[in-house]
Amino acid sequence: MENFKHLPEPFRIRVIEPVKRTTREYREQAILKSGMNPFLLDSEDIFIDLLTDSGTGAVTQDMQAAMLRGDEAYSGSRSYYALAKAVKDIFGYEYTIPTHQGRGAEQIYIPVLIAKREREKGLDRSKMVVFSNYFFDTTQGHSQINGATVRNVYIKEAFDTTAKHPFKGNFDLEKLEKGIQEAGAHNVPYIVCTITCNSAGGQPVSIANLKGMYEIARKYDIPVIMDSARFAENAYFVQQREEAYKDWTIEQITYESYRYADGLAMSAKKDAMVPMGGF
């Protein structure tokens, strides 16, 4: 296998989506019309779309069949139980709430954890601070909408393109604990760990760093939520770069990683390889 430069894909393509070729002049006019804002371009004018990998995975024949077999019952759906079982098997978590994508999960857990902290610890919303190795933009937005100040506590190598570091997505643990102490632990409703760290170039987080972060969180009784869109990619980097886990499987590394969080929010449109969904 190592002698092959490229292996043929183990699938056949049955359905295609046509794309439109355009001229340079056409594209220049489209960009001007959008006010130089790529988010205002029409998708049909984009020949190669590099905006995101989210939701771009092709649907397999089994996925297509599952959509037809899906149980749309208002409650007690067998499709829900299949999802909940998969979440428990992969991550070890008991309870699952399906959402349309990751930001739907944020819409649920963020106000719930804030209210819980307010009720149980006397959180002062005017002084509320939340921490992450680096918040994804929707997580940051939902936190700010709910009145929180966001603090990204990343290591100094994170944005240094000349620095060699195997886990540039890591928390700066010293900054994290200092920030909690300054804010007052009762004013910190949650810590978010983003794996891989999307806003820091998709860089991974080591399990050693997850352990250190979780120890700090437990010390101050702060819940940790794993932002999990690229959990499998992070597990692969751990396997390749963290000596203690080089002989572990991706499944084992994933299960171990989620011991160092209290819950997760996930867009299934990335590593779960589906065009829509989350939990």
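Consider residue 174 carefully, then state whether it is at pLDDT 90 or above, surrounded by fewer than 13 Cβ atoms within 10 Å (Cβ to Cβ) and part of a helix (DSSP H, G or I). Yes, satisfied.
Tally time: how many residues in region 121-141 are within 19 Å of residue 194 (Cβ to Cβ), in a helix (DSSP H, G or I) and either modelled with pLDDT of 90 or more or β-branched (Val, Ile, Thr) (or both)? Step through it out loud before you land on a result.
In the first step, residues of region 121-141 are kept if they are within 19 Å of residue 194 (Cβ to Cβ); the result is 129-141.
Remaining after also requiring in a helix (DSSP H, G or I): 137-141.
Next, only the ones that are either modelled with pLDDT of 90 or more or β-branched (Val, Ile, Thr) (or both) stay: 138-139, 141.
So the count comes out to 3.
As an exercise: evaluate residue 20 against (1) at pLDDT below 90; (2) closer than 25 Å to residue 136 by Cα; (3) touching a helix residue (DSSP H, G or I) at 6+ places or on another chain (Cβ under 8 Å); (4) not aromatic (Phe, Trp, Tyr) and give the number of the one condition it does not meet. Among (1) at pLDDT below 90; (2) closer than 25 Å to residue 136 by Cα; (3) touching a helix residue (DSSP H, G or I) at 6+ places or on another chain (Cβ under 8 Å); (4) not aromatic (Phe, Trp, Tyr), the lone unmet condition for residue 20 is (2).
Anything in region 22-64 that is in a loop (DSSP other than H, G, I, E, B) and of a type in the set (A, V, I, L, M, F, W, C)? List them, or say none.
Just the residues of region 22-64 that are in a loop (DSSP other than H, G, I, E, B), to begin with: 22-23, 34-37, 41-42, 46-60.
Result: 36, 41, 46, 47, 48, 50, 51, 58, 59.
Within region 229-257, the set of residues being under 23 Å from residue 82 (Cα atoms), of a type outside the set (Ser, Thr, Tyr), touching a residue at least 40 places away in the same chain (Cβ under 8 Å) and buried (at least 16 other Cβ atoms within 10 Å of the Cβ) comprises 229, 230, 231, 253, 256. Residue 168 meets the conditions (1) closer than 23 Å to residue 99 by Cα; (2) modelled with pLDDT of 90 or more in every case but one. The failed one is (1). Residue 222 - would you say it is assigned to a loop (DSSP other than H, G, I, E, B) and at pLDDT 95 or above? For residue 222, the condition - assigned to a loop (DSSP other than H, G, I, E, B) and at pLDDT 95 or above - is met.
Residue pairs whose Cβ atoms lie under 9 Å apart, separated by 6 or more positions or on different chains, with the first residue in region 65-81 and part of a helix (DSSP H, G or I) and the second among the aliphatic types (A, V, I, L, M) and surrounded by 12 or more Cβ atoms within 10 Å (Cβ to Cβ), are 66/82; 67/59; 79/66. I'd like the residue in region 177-211 that is over 12 Å from the mean Cα position of the chain (by Cα) and modelled with pLDDT under 90 and, out of all such residues, is surrounded by the most Cβ atoms within 10 Å (Cβ to Cβ). Ranking the qualifying residues of region 177-211, first place goes to 200.
Residues in region 91-106 include none that are more than 15 Å from the chain's Cα centre (by Cα) and outside any loop (DSSP other than H, G, I, E, B).
Within region 258-279, residues that are assigned to a loop (DSSP other than H, G, I, E, B) have Cβ atoms under 6 Å from residues that are modelled with pLDDT of 95 or more and not hydrophobic (A, V, I, L, M, F, W, C) in these pairs: 262/223, counting only partners at least 6 apart in sequence or on another chain.
The values are calculated or read from the model by the stated rules, or taken from the named source; none is laboratory data. Treat the numbers as computed from the prediction; the structure is a model and nothing was measured. A quick note on method: Cβ atoms are made from the backbone with ideal geometry, for glycine too, and the neighbour counts reach across all protein chains shown.
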